[in-house]
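The values are calculated or read from the model by the stated rules, or taken from the named source; none is laboratory data. The structure displayed is predicted, hence computed values, not measured ones. Here the Cβ positions follow ideal geometry from the backbone for every residue, glycine too, while neighbour counts run over all protein chains shown. Just so you know, the surface numbers come from the protein's heavy atoms only, side chains and all, with ligands and any DNA or RNA stripped out. Shrake-Rupley method; radii C 1.70, N 1.55, O 1.52, S 1.80 Å.
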Amino acid sequence: MSHPLEPRLAAYIAGKMPGASDVAVSALERISGGASRETYRFVLSWTEGAAARERRLILRRDPPASLIDTERRVEFEAYRAFAGTAVPVPEMLWLEEGEAALDHPFFVAEEIAGFQASPQMLLSGAYDAVLPKVAERKWTILGEIARADPAPLARWMEAPALDACWRRELDHWEALIDKDQAEPLPVTRAAIRWLRANPPPPAQKLSVVHGDFRTGNFLFDAAGDIQGVLDWEMSHLGDPLEDLGWSLQPVWSFGRAGRAGGLASPDEAVAIWEHASGLKADPAALHWWILFNCVKGQGIWVGSAAAFNRGGNRAPIMIYPAWWLINAQDRAMLQVMGRL
Amino acid sequence: MNPPVPPVLAELAGLLMKNAMPGVPEPERASDLSLSAMLLMVAGEVWDRQAHILVEENRAVRALLGETGEDADLRLSVLQAENDRLRAALIEAHAAAEAAGDQARQDAIWAELVAATERRKLSTAPV
């Protein structure tokens, strides 16, 4: 049985490909996960000249209510900014910000097919021999993102002053927690008070910040290479230590205590990142950003619960992060603050 | 638990009925059912302990705040509402202790926050 979105998507794409005929969409299926966007894979077929052509593509569509509310334009342009660089990303094809075509804004991109993203699979034991290679690639790519010139994205993203990066991010996530929390969060509030009382030094440069660069948001192969970096919906300009801090925050160890991202010791990860980025990770500043990222994580988990509680999105993917991670995030904060 | 368990179970019941019908795409069915199974396991884990955790925590926070009283109504929704009231007051007390430089009071509050976080830990927690 074909998916009801198939003919609507085919009609939209046909309008974007004036040289093509017989444009058709088939095998459209939703990919599991995707709490901030609905993600589907599909096959596009068309005739060009006398030749029949086919391509595997991805549709990313806004849901009715999201775990995180972000502009799809920002995500689309972030992917495009890294096309053809040392940071592997899928090719972006079309962005639609209106709601007429598919009810919600969306974009269409190349599918990087044949690779895995699941952290559970990566850390199952089957890939143990290549985990050092994955770690090397992961923090090298993150270093490349930090090293990149942010100027091409300044048209789409606000460029804060170097000494304002931390405050902008903390203000943003504290406001979301104020709006979304369903119950008091004493550990998180204590962390926020500490962050405000002990601000980090100004950013050493303004960088592109991916915003969600963690194990689970890249595609890996059997040899341990990384073939694609995904989920740029929280990307922005800011302090490069922010991304490093997110990659080191304890919930992303997936139960492998002391292993950043479940892959390497924090010292190893930082050394790889410093080598690739040409930047230094001042330990005190990095500590601030790791704790900040614990607060940010809590903002995301209570936000997913709020989306469910308000009735905007009742999908189970909105419940699981809240149930599984709100307490774990408190534990991570206590660890980072030296209390646990 | 946030979201609360009862509306989550109601939602999962509806989802299971939907997935019992023909015509649901297989990837969506697999995603819905595997996530539902994980959520049911979490609900099962907290079922027996949740009232005890809230009563114990409410008692500890009342002591820190100098309040008297006990939880008489043991419905989870009532215990949770009282827990919310007490933890909001604890945040205020913690901030006041920091502002006053009262280290002993801060240490006592931190000890309860650590204990509360440990009480609520799930067996599958990643941290």
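Is one or more of the residues making up the range A:135-151 over 21 Å from the mean Cα position of the chain (by Cα) and assigned to a helix (DSSP H, G or I)?
no
Picking from A:ALA322, A:ALA307, which residue would you name as being surrounded by 24 or more Cβ atoms within 10 Å (Cβ to Cβ), farther than 26 Å from A:VAL87 by Cα and either without any contact (Cβ under 8 Å) to a residue 40 or more places away in the chain or not assigned by TED's automatic domain parsing to the domain that holds A:ALA190 (or both)?
A:ALA322
Looking at the structure I just gave you, is A:TYR79 within 23 Å of A:TRP273 (Cβ to Cβ), among the hydroxyl-bearing types (Ser, Thr, Tyr) and assigned by TED's automatic domain parsing to the domain that holds A:PRO201?
no
What are the residues in the range B:8-28 that are assigned to a helix (DSSP H, G or I) and among the aliphatic types (A, V, I, L, M), if any?
Listed by number, the residues that qualify are B:VAL8, B:LEU9, B:ALA10, B:LEU12, B:ALA13, B:LEU15, B:LEU16, B:MET17, B:ALA20.
What are the residue pairs meeting all of these: first residue in the range B:20-32, first residue within 9 Å of chain A (Cβ to nearest Cβ) and under 17 Å from A:ARG314 (Cβ atoms), second residue assigned to a helix (DSSP H, G or I) and among the polar types (S, T, N, Q), Cβ atoms under 6 Å, and 6 or more apart or on different chains?
As it stands, the answer is B:ASP32/B:ASN19, since those pairs meet every condition given.
What's the number of the only condition in (1) more than 8 Å from chain B (Cβ to nearest Cβ); (2) open to solvent by 20 Å² or more (accessible area, probe 1.4 Å); (3) closer than 25 Å to A:SER118 by Cβ; (4) of a type in the set (A, V, I, L, M) that A:ALA260 fails to meet?
The one condition A:ALA260 does not meet is (2).
Which ranges mark the helices (runs of 4 or more DSSP H) fully within the range A:266-340 that have 2 or more residues being at the interface with chain B (Cβ under 8 Å from one of its Cβ atoms)?
Counting at least 2 such residues, we get A:283-309, A:316-336.
Hey, among A:ALA113, A:ALA101, which residue is exposed (fewer than 14 other Cβ atoms within 10 Å of the Cβ) and part of a loop (DSSP other than H, G, I, E, B)?
Matching residue, one of A:ALA113, A:ALA101: A:ALA113.
Regarding A:VAL130, is this residue over 30 Å from A:ALA175 (Cα atoms), β-branched (Val, Ile, Thr) and surrounded by 21 or more Cβ atoms within 10 Å (Cβ to Cβ)?
No.
Can you pull out every residue in the range B:1-39 that is charged (D, E, K, R) and in contact with a Pro (Cβ under 9 Å, 6 or more places away or on another chain)?
B:GLU11, B:ASP32
Please determine whether any residue of the range A:185-195 is touching a helix residue (DSSP H, G or I) at 6+ places or on another chain (Cβ under 7 Å) and away from every other protein chain (no Cβ under 14 Å).
Looking for residues that are touching a helix residue (DSSP H, G or I) at 6+ places or on another chain (Cβ under 7 Å) and away from every other protein chain (no Cβ under 14 Å), one finds none in the range A:185-195, hence no.
In the range B:90-111, what count of residues is obtained for those that are of a type outside the set (Val, Ile, Thr), open to solvent by 20 Å² or more (accessible area, probe 1.4 Å) and in a helix (DSSP H, G or I)?
13
For B:ASP84, which of the numbered conditions (1) more than 7 Å from chain A (Cβ to nearest Cβ); (2) among the acidic types (Asp, Glu); (3) farther than 30 Å from A:ARG259 by Cα fails to hold?
Condition not satisfied by B:ASP84: (1).
Quick one: A:PRO201 ticks every box in (1) in contact (Cβ under 8 Å) with a residue 12 or more places away in the chain; (2) within 14 Å of chain B (Cβ to nearest Cβ); (3) surrounded by fewer than 18 Cβ atoms within 10 Å (Cβ to Cβ) except a single one, so which number is it?
With (1) in contact (Cβ under 8 Å) with a residue 12 or more places away in the chain; (2) within 14 Å of chain B (Cβ to nearest Cβ); (3) surrounded by fewer than 18 Cβ atoms within 10 Å (Cβ to Cβ) applied to A:PRO201, the lone miss is (2).
Would you mind stating whether A:ALA65 is outside any loop (DSSP other than H, G, I, E, B), at pLDDT below 95 and either in contact with a strand residue (DSSP E or B) (Cβ under 8 Å, 6 or more places away or on another chain) or outside the structural domain of A:ASP225 (by TED's automatic domain parsing) (or both)?
Here the answer is no, as A:ALA65 does not meet what is asked.
Among the residues of the range A:172-231, write down those that are basic (Lys, Arg) and not in a helix (DSSP H, G or I).
Within the range A:172-231, A:LYS205, A:ARG214 qualify.
Any residue in the range B:35-58 that is more than 30 Å from A:ARG196 (Cβ to Cβ), within 7 Å of chain A (Cβ to nearest Cβ) and open to solvent by 50 Å² or more (accessible area, probe 1.4 Å)?
There is at least one residue in the range B:35-58 that is more than 30 Å from A:ARG196 (Cβ to Cβ), within 7 Å of chain A (Cβ to nearest Cβ) and open to solvent by 50 Å² or more (accessible area, probe 1.4 Å).
In the range A:232-257, which residues are within 14 Å of chain B (Cβ to nearest Cβ) and part of a helix (DSSP H, G or I)?
Answer for the range A:232-257, where residues must be within 14 Å of chain B (Cβ to nearest Cβ) and part of a helix (DSSP H, G or I): A:LEU248, A:PRO250, A:VAL251, A:TRP252, A:SER253.
Any chance the range B:67-76 includes a residue that's surrounded by 15 or more Cβ atoms within 10 Å (Cβ to Cβ) and within 13 Å of chain A (Cβ to nearest Cβ)?
Yes - at least one qualifying residue is present in the range B:67-76.
Being among the hydrophobic types (A, V, I, L, M, F, W, C), at pLDDT below 95 and either touching a Gly at 6+ places or on another chain (Cβ under 7 Å) or open to solvent by less than 60 Å² (accessible area, probe 1.4 Å) (or both) narrows it down to one of A:PHE82, A:PHE106, so name that one.
So the residue among A:PHE82, A:PHE106 that is among the hydrophobic types (A, V, I, L, M, F, W, C), at pLDDT below 95 and either touching a Gly at 6+ places or on another chain (Cβ under 7 Å) or open to solvent by less than 60 Å² (accessible area, probe 1.4 Å) (or both) is A:PHE106.
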